[in-house]
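Peer 1: Here it is, the structure in full.
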Amino acid sequence: MHNPFNANMKVSRKEMARVGQVMAERLNESRGPTAVMIPLRGWSVYGAPGGPLHDALGYRAFLKALKNQLHARIPLKEVDAHINDGVFVDLCVKQLVRSMNEMRS
């Protein structure tokens, strides 16, 4: 349990691949500026290397499916950081600002 209102769950590798595929399908339908940022060292405290939800092969299955289905027009940036690391946060903020500026143009 993450807290009394939120439980983290681990899915199978097959399900991870399916999530990547569905995510790409939905992103491909985007009409505005779109980019994908992937933190390679984990998506939660529990999913970091050594954590109970960490699954390197599952992450690779997700990323492979995402890359295989994602339109080339959508940039995908893999960042060697954890989702909570400052470097990842800073890159996401910079991408958000770029996207907002594109919308203004």
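The values are calculated or read from the model by the stated rules, or taken from the named source; none is laboratory data. Model, not experiment: these values are computed from the prediction. Cβ coordinates were reconstructed from backbone atoms using ideal geometry, including for glycine residues, and neighbour counts include every protein chain displayed.
Peer 1: For segment 40-56, does any single residue satisfy the condition of being outside any loop (DSSP other than H, G, I, E, B) and surrounded by 13 or more Cβ atoms within 10 Å (Cβ to Cβ)?
Peer 2: Kept after step one, since they are outside any loop (DSSP other than H, G, I, E, B), are these residues of segment 40-56: 56.
If we keep only those that are surrounded by 13 or more Cβ atoms within 10 Å (Cβ to Cβ) too, we end up with none.
No, segment 40-56 has no match at all.
Peer 1: When the residues of segment 73-94 are narrowed to those that are under 12 Å from the mean Cα position of the chain (by Cα) and of a type in the set (Val, Ile, Thr), which ends up farthest from Ile38 (Cα to Cα)?
Peer 2: This residue is Ile83.
Peer 1: Something else now. Please state which of the following conditions Glu78 fails to meet, knowing it meets all the rest: (1) surrounded by 14 or more Cβ atoms within 10 Å (Cβ to Cβ); (2) of a type in the set (D, E, K, R); (3) assigned to a strand (DSSP E or B).
Peer 2: Unmet condition: (1).
Peer 1: Let me ask another. Only residues in segment 86-100 that are charged (D, E, K, R) count as the first member; pair them with residues that are surrounded by 11 or more Cβ atoms within 10 Å (Cβ to Cβ) and not in a helix (DSSP H, G or I), Cβ under 9 angstrom, at least 6 apart or cross-chain, and list the lot.
Peer 2: Arg98/Pro33; Arg98/Ala35
Peer 1: Quick check on segment 13-32: of everything there that is at pLDDT 95 or above and assigned to a loop (DSSP other than H, G, I, E, B), which residue is nearest to Val97 (Cα to Cα)?
Peer 2: Ser30
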